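The values are calculated or read from the model by the stated rules, or taken from the named source; none is laboratory data. Computed from a prediction, not measured in an experiment: that's the story for all the values here. Cβ: placed from backbone, ideal geometry, glycine included. Neighbour counts: every protein chain shown. Ligands, DNA and RNA are stripped out before the accessible areas are found, and what is left, the full protein with its side chains, is counted by its heavy atoms. Shrake-Rupley method; radii C 1.70, N 1.55, O 1.52, S 1.80 Å.
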Amino acid sequence: MAPATVTIASGAKWQDVAADRQRHRDATIAEVRPPVPELSPEEIPLNTTGVPKKLLTEEELKITGSDVESLAKKIAAGEWTSTAVANAFLRRAGLAQKLSNCITGLLPKRALDRAAELDRYLATNGKPVGPLHGVPISVKEHVGIKGEDLNAGFVAWVGRVSEEDALIVQYLCDAGAIIYARTTQPQTLMQIESVTNLYGTTVNPYNTTLTPGGSSGGEGALIALRGSVLGIGTDIGGSIRVPAANSGVFGFKPTSNRLPTTGWTAAMAGAEAILAAIGPLSTSLEGARLFTKAILDQQPWLKEPSLVAMGWRDEAQFFPDRKIRVGVLYDDGVVRPHPPVLRAVSELAEKLKGSPNIEIVEWKPYKHDLAWAIIAKLYFADGGADDKAQVEASGEPWLPLSRFILHENPFVEALTIPQLWKACQARDEYRAQYARLWNETAQDGQGQGQGPVDVILCPAGPGVAPKHGASRYWGYTSQWNLLDYPSLVFPAHDAVGAPEREREAGKYAYPDGYQPRGNADRYVYDQWQKHGAEGYKDAPISLQLVGRRYDDEKLFRAMQILLEEAGLPAAVPA
C-alpha cells in the first residue's frame, strides 16, 4: 500500500490522521476474497470465540483450526497449498478484526504473492523452503514491514515507513513463513492493554468487557480467535505474556539478546538499562519453539552483533530422567492474586505433587516491591521525556493508562548520568540477591544438597483479563524482565466460571475482613469486590513458568514435561 499522506507533518489534525489509518485498515480487509463476512453490532456476543465457526467454510475452519506444527507438515506433504492456507487466515483475520478490533492492516497482496512463490517452489523441488514453509505469521505493528507505515501507536509517527523488513521478519521469511497481518498495540507501547487514539480499544474475544492485554494485545486477541496461530510480540514488562495470559494462548519472552530486534521502532531507542525482548505468541507450545529455533538456526548474531552467539540447544539434553524441581510462587507478597488465579496455581501444584518425577518447593518471594521500584525508574530514565514529546507532538489526548505509567508513576524522574549509574547498580545488586535466593534452594532445611530448583511456576498476573482501563499492576511479569529471566505463559485450560463454582472454591477467596497490603493490592482487591466472578465470565486462566537467564531451551523442555505430567494439552483446542 502507498505510504500515509494524511499525517501531522502534512498539517492534518490528529482526528483526521486516525480516521485515515482506520480507512486504510478497512481497505486492506476489503481486498480479501471471498469478502470477509459482515457483522452488525447486535450480532457480536459477549464471548465472540464461537462466531468464526458460524461464518467460515469447513475447509477454512480446518486450516485455521490447525496449529503451527500441523500446518507445516500438511503444506510440506501437499495436503494443503500455501495459497489456500494464506487465504483462510486472511479471511479469519479480517473477521477477527470485526470481533475484537485487533488489526492495523492486512497484507493480502504480499501474502498471496509469497504463497504462490512457495507453492511453485514445492512443486518444482519436492521439498519445503524451510521449517515454516507456508505458515502465516502475524506481526505487531511496531515491528517493521517493508513499505508499510511504522507508527508504534503514536499519531505523530504516522507517515514513517519501513525501508525493509525487520531482521526477525527476514529470518522468518527465509524459513518459509508468510507475513499477512499487522496488529494493534497501545499508545506509547508502555501499557499492558492495547488502546490508541489511532485505532481505539482492542477487546478480549472471550469477554468483550475485558482487555486482551498489551502491549502485544492485538496479537493476543487475533490468536485467541485463530485469525493467526503464530505471531510476533515484544516484551519489556509483560507485553508478550500479559496478552498471552489474558487471551488463553502460549507466549514466550526469551532472555534478552537471543532474538533480533533490528527494524522495530519505539520511543527511547538506545536505552539499555532494561532490555526489551521479541518473541512469539502461539496456539501451541511447539509453535513457539519452532519460531524460536527457526531464527536461531540461522545465526542471527552474524547480522546483529549485540546478540549472544548461541544457537538453539537440543532440549532433549535437559531432564533426561524427567526429574524436575519446581519452585511455586503462589503470591508475590505485594498483590494477592484473585481467587481463580490462586486456585489455578494451587491446583496445578497439587497435580504435579502426585507425579514421582516432580518435586514441589514453595518459592518465597524476595522484595518484589523493590523490584518494581527499580525497574519503574529504569524504564524512564529521561523522566519519560521522549514518550511525552511523541504524544504531545500531535496534540492527541493522553489515554488513562499512558498517563498512569508516565505521569502518575512516582518512580518516574529524569536521572543524571551518575543517578542512572546508581540505578543500574541497584538493578545488578537485586539480580545478585535473587540469584543467591535461587542457589539457596539447593539446600533442604537440614542443609542437605538437592540441587537448586529448575523453574518457577507462578501467576502471569494478579487476575485474569482485567476490565478495560484496569491493568495497573505489572509486577507478576515485570519481575522477570528486571531479572532478565526467560518466561513462558501457558493456558491452565480453565476459565472463570459461574459465581456458584467460584464460591465453591472458597479456600482461595479473600478472607473475611481482608486488609489490603498497599495501594496496588487495594486496587486489585477492589476490582474483584466490584465485579466478582460474573464480571470476568469466560476469561481464560493462564499461568507462567520462569527459568534462569539463558536457560530458554531448558525452560521449553520443563514446560513440555510439566504439561505431560499434569495431563494438560500443549496446544489450545480449536
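Considering only protein heavy atoms and a 1.4 Å probe, what is the carbon-and-sulfur percentage of the accessible area of region 429-569?
Here it works out to 45 percent.
Kyte-Doolittle mean at least 1.6 and Cα extent at least 27 Å along the axis: which DSSP H helices of the chain qualify?
Passing helices, by number: none.
Roughly how many nanometres apart are two label points built 7 Å out from the Cα toward the Cβ at Ala442 and Lys364?
2.0
Label Arg517 and Gln529 with points 7 Å out from Cα along Cα→Cβ: what is the distance between them in nm?
1.8
Starting from the residue with the highest accessible area, list Tyr434, Tyr514 in decreasing order, probe 1.4 Å.
Sorted descending by solvent-accessible area, the residues read Tyr514, Tyr434.
If the only charges are +1 at each Lys and Arg Cβ and -1 at each Asp and Glu Cβ, what is the size of the charge dipole of region 1-77 around the Cα centre, to the nearest 20 debye?
180
What accessible area per residue, rounded to a whole number of Å², is obtained for the chain using a probe radius of 1.4 Å?
Spelled out: the 1.4 Å probe surface of the chain, per residue, equals 37 Å².
Gln299 to Ala27: FRET efficiency via 1/(1 + (r/R0)^6), r the Cβ-Cβ distance, R0 30 Å, to the nearest 0.05?
Step by step, r from the Cβ atoms, then E = 0.15.
Distance from a point 7 Å along Cα→Cβ of Glu347 to each backbone N in region 531-555: keep the residues under 14 Å and list them by number.
Residues 538-543 fall inside that zone.
With a Cα-only, solvent-free Debye model of the chain, what are the log10 I(q)/I(0) values at q = 0.05 Å⁻¹?
Per q value, in the given order, log10 I(q)/I(0) is -0.19.
How long is the gain from Val308 to Thr262 if the chain were fully straight, where each residue apart is worth 0.36 nm and the alpha carbon distance is subtracted?
15.1 nm
Antiparallel DSSP bridges in the chain: what percent, to the nearest 5?
Antiparallel bridges: around 70 percent, rounded to the nearest 5.
Take the solvent-accessible surface of the protein heavy atoms, probe 1.4 Å, and return the percent of it on region 256-303 that carbon and sulfur atoms account for.
Looking at region 256-303 in its full context, I get 48 percent from C and S.
Just name one of Gly213, Ala393, Val326: the one whose Cα is farthest towards the positive end of the charge dipole of the chain (beta-carbon charges, Lys/Arg +1, Asp/Glu -1).
Val326
Taking a threshold of 29 Å on the Cα-Cα distance, which of the pairs Lys422/Lys554; Lys53/Lys146; Lys109/Lys537; Lys74/Lys353; Lys353/Lys507 fall above it?
Over 29 Å apart, Cα to Cα: Lys422/Lys554; Lys53/Lys146; Lys109/Lys537; Lys74/Lys353.
Taking a virtual spin label 7 Å from the Cα of Lys146 along the C-beta vector, which residues in region 85-114 bring their backbone nitrogen under 18 Å of it?
It comes to 107-114, nothing else.
Arrange the peptides 333-342, 393-402 so that the one whose residues have, on average, the most other Cβ atoms within 10 Å appears first.
Listed from highest to lowest mean packing, they are 333-342, 393-402.
What net charge do the residues around Gly213 carry, taking every other residue with its C-beta under 10 Å from that of Gly213, with Lys and Arg at +1 and Asp and Glu at -1?
Value of the local net charge: -1.
Taking 0.36 nm per residue of separation and subtracting the Cα-Cα distance, what length does fully extending Gln425 through Glu272 add?
53.7 nm
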